[in-house]
Every structure is written in C-alpha cells, then in structure tokens.
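*Asks:* Starting off with a structure, shown below.
The values are calculated or read from the model by the stated rules, or taken from the named source; none is laboratory data. On a predicted model such as this, the values are computed, not experimentally measured, just so you know. FYI the Cβ positions are ideal-geometry reconstructions off the backbone, even for glycines, and counts take in every protein chain you see. What goes into the accessible areas is simple: the full protein's heavy atoms, side chains included, and nothing from ligands, DNA or RNA. Shrake-Rupley method; radii C 1.70, N 1.55, O 1.52, S 1.80 Å.
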Amino acid sequence: MTEDKKALFVRRLFSRVPAEYDWLLDILSLRQDRHWRDRLVQAADSSNGNLVLDVATGTGLVASRLAKKIGKATLSTKGQGRSTDWVLARAENLPFKDEVFEASTISLALRNVSDAQKTISEMSRVTVSRGLVASLDFARPLHNIQRFLYYPYILAFFPLIGRLVSKAWYDTFRYLGPSILRARTGRQVVNIMKQEGVLDARSVPLTGGIVCLVYGRKR
C-alpha cells in the first residue's frame, strides 16, 4: 500500500524532533502536560490490566507512566521487572490480534494520524471487551478570554521560540499551532468512539478545554 503524504510528513517531522522537545513542551504548557498525562494514566489504571497499548507513544512519556503505575504491582508479584516493548507500525493498521490489550491509549497525537476513525477502530479492535479506549488531545478553549490569549500563543509565540533555537525546533512548533486548530473537539472524538464500539465514551475538558480526555469501555 502506498504511504500517504501526511504519514510521510509527520514521520519526517517528528523523527527530527530535538531531544529537548518534551522538556520545552513542559515549559510552554506551564507544566500542564504532566497533569494531562496523569489523568490519562489514571483512566487507564482503572482497567485493572497489565497489558496496555500506547499508540503514537513518541518519546514514551505515557508508556513509561503506564509501565510504572499499572505494571508495577502485577510484575513484582511474579518476580519480573517492568517491561515495555516498542513496535513501529501505522496507527491505522496495528499489527496485533483482536482483543489482546486491557486498555489502548493515544496521547496528543490523534490529530497527527491520517485517519482518526480508522485509528480509533484499530484501538477498539485490539482491546478486550470492557477494556478501556482513551484519547488525550488538544481541543478548543471553552472561554473567549482563553481563546484571545491562547491562539496567538500557539500560532506566533511557539514558532518564534523555535526560530530562536534551531530549524528543527522551528519546523516542529510551526506545525504544532495549526495542527491544534485542526484538532477534533471532544464531542467529535466521542462520536467516533461510539461508532467504533465504545458506547459509553465521554469527554472530559482539561485546563479550560485546551485539552480533552475522551475515554470509555469497549462494549
């Protein structure tokens, strides 16, 4: 199958992301990204399972939290250390059998995939019945004052910071702002999840709606 242009662009862009990206995002989000990821991990922890898939894991921030919080108790009772396996694959075509994971998550990346519906469909497919499917991503601020401050911040200030540092940073943060504006609302992600068998999906706005955590259990 011929790879689409967006997939190639995103792969090339993020393969050149500087090692300091996570650190810089932590600063630019005023450390709110830690709170967002913690909420996602808390939701996944409710699955009471020890086999969890984190799609588009990037540098592994969520995967490492999941391994520590979910796998720690179960693995320690078996005399094993914590383990995380890395797999390179398309989110729209996951190389796993049906119903093998107790939970499937995707963090700050659903807007980057070529087909969000297919990605959620695949996440649902590989998740066991009653297992958790969760998406954390940027959305829209709920209040006008927030929007007035937020949009110039991500569209002008982010690229400016990147330009002052390096071309790789500039390219990354120049992409980030417009991609956030194109991101689906929490309600739209809820609708996709319900169409893909996550019937009790709900949207939880975080930091005034800048980010939405959408999650539910597969029927």
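*Asks:* Let me spell out the model: positive unit charges on the Cβ of Lys and Arg, negative unit charges on the Cβ of Asp and Glu, origin at the Cα centre of the chain. What dipole size does that give, in debye rounded to 20? Each step should come with its number before you reach the end.
*Replies:* Numbers: 34 positive and 20 negative charges, 57 e Å.
Once rounded to the nearest 20, the dipole reads 280 debye.
*Asks:* Looking at the stretch 89-161, which chymotrypsin sites (Phe, Trp or Tyr not before Pro) are in a loop (DSSP not H, G, I, E or B) and have at most 15 other Cβ atoms within 10 Å? Display every interim value, and only then the final one.
*Replies:* Details: sites: F96, F101, F138, F148, Y150, Y153, F157; in loops: F96.
Taking the stretch 89-161 and a limit of 15 other Cβ atoms within 10 Å, the loop chymotrypsin sites (Phe, Trp or Tyr not before Pro) found are F96.
*Asks:* Could you give the semi-axes, largest first, of the ellipsoid that matches the stretch 105-152, computed as the square roots of 5 times the alpha carbon gyration tensor eigenvalues and rounded to whole Å?
*Replies:* On the way: eigenvalues 173, 30, 10 Å².
Working from the Cα gyration tensor, I get semi-axes of 29, 12, 7 Å.
*Asks:* Rounded to whole Å and sorted largest first, what semi-axes of the equivalent ellipsoid does the C-alpha gyration tensor of the stretch 97-219 yield via the square root of 5 times each eigenvalue? Before the final figure, lay out each step's value.
*Replies:* Values: eigenvalues 186, 56, 19 Å².
After diagonalising the Cα gyration tensor, the semi-axes are 30, 17, 10 Å.
*Asks:* Okay, moving on. Using the charge dipole of the stretch 84-219 (Lys, Arg: +1 at Cβ; Asp, Glu: -1 at Cβ; taken about the Cα centre), state which of I180, L110, V133 has its Cα farthest towards the positive end.
*Replies:* I180
*Asks:* Could you tell me the number of lysine pairs in the chain with C-alpha atoms less than 21 Å from each other, where the two lysines are 8 or more residues apart or belong to different chains?
*Replies:* So the count works out to 10.
*Asks:* Using Cα springs under 10 Å in a Gaussian network model of the chain, which residue among A116, A56, A156 shows the largest mean-square fluctuation?
*Replies:* A156
*Asks:* What order do you get for 203-213, 123-133, 171-181 when each peptide is scored by the mean count of other beta carbon atoms within 10 Å, highest first?
*Replies:* Numbers: 203-213: 19.5, 123-133: 21.3, 171-181: 17.6.
Those peptides, ordered most packed to least, come out 123-133, 203-213, 171-181.
*Asks:* Another question, then. Using Cα pairs under 8 angstrom and six or more residues apart, how large is the relative contact order of the chain, in percent? The partial results should precede the final answer.
*Replies:* Numbers: 342 pairs, mean separation 45.7, N = 219.
Answer for the chain is 21 percent.
*Asks:* First measure r as the distance between the Cβ atoms of K68 and R16, then evaluate 1/(1 + (r/R0)^6) with R0 = 30 Å and state the FRET efficiency to the nearest 0.05.
*Replies:* Working: r = 28 Å, r/R0 = 0.95.
Given R0 = 30 Å and the Cβ-Cβ separation, E is 0.60.
*Asks:* Let me ask something else about it. Quick one: Karplus J couplings for the stretch 161-166, per residue in order, coefficients 6.51, -1.76, 1.60, θ = phi - 60°, nearest Hz, x for Gly and Pro?
*Replies:* 4, x, 4, 6, 9, 6
*Asks:* Apply 1/(1 + (r/R0)^6) to the Cβ-Cβ distance of I145 and L8, taking R0 = 35 Å, and write down the FRET efficiency to the nearest 0.05.
*Replies:* Details: r = 39 Å, r/R0 = 1.10.
Efficiency computed from Cβ-Cβ geometry: 0.35.
*Asks:* Determine the share of the chain's accessible area contributed by carbon and sulfur atoms, expressed in whole percent, with a 1.4 angstrom probe.
*Replies:* Details: 6410 of 11690 Å².
That share works out to 55 percent.
*Asks:* Of S107, S46, S83, which has the largest mean-square fluctuation in a 10 Å C-alpha GNM of the chain?
*Replies:* S83
*Asks:* Which is the longest part of the chain that has none of the GluC sites (Glu not before Pro) sitting in a DSSP loop with at most 15 other Cβ atoms within 10 Å?
*Replies:* Values: sites that count: E3, E20, E99.
Longest gap between qualifying sites, sites excluded: 100-219.
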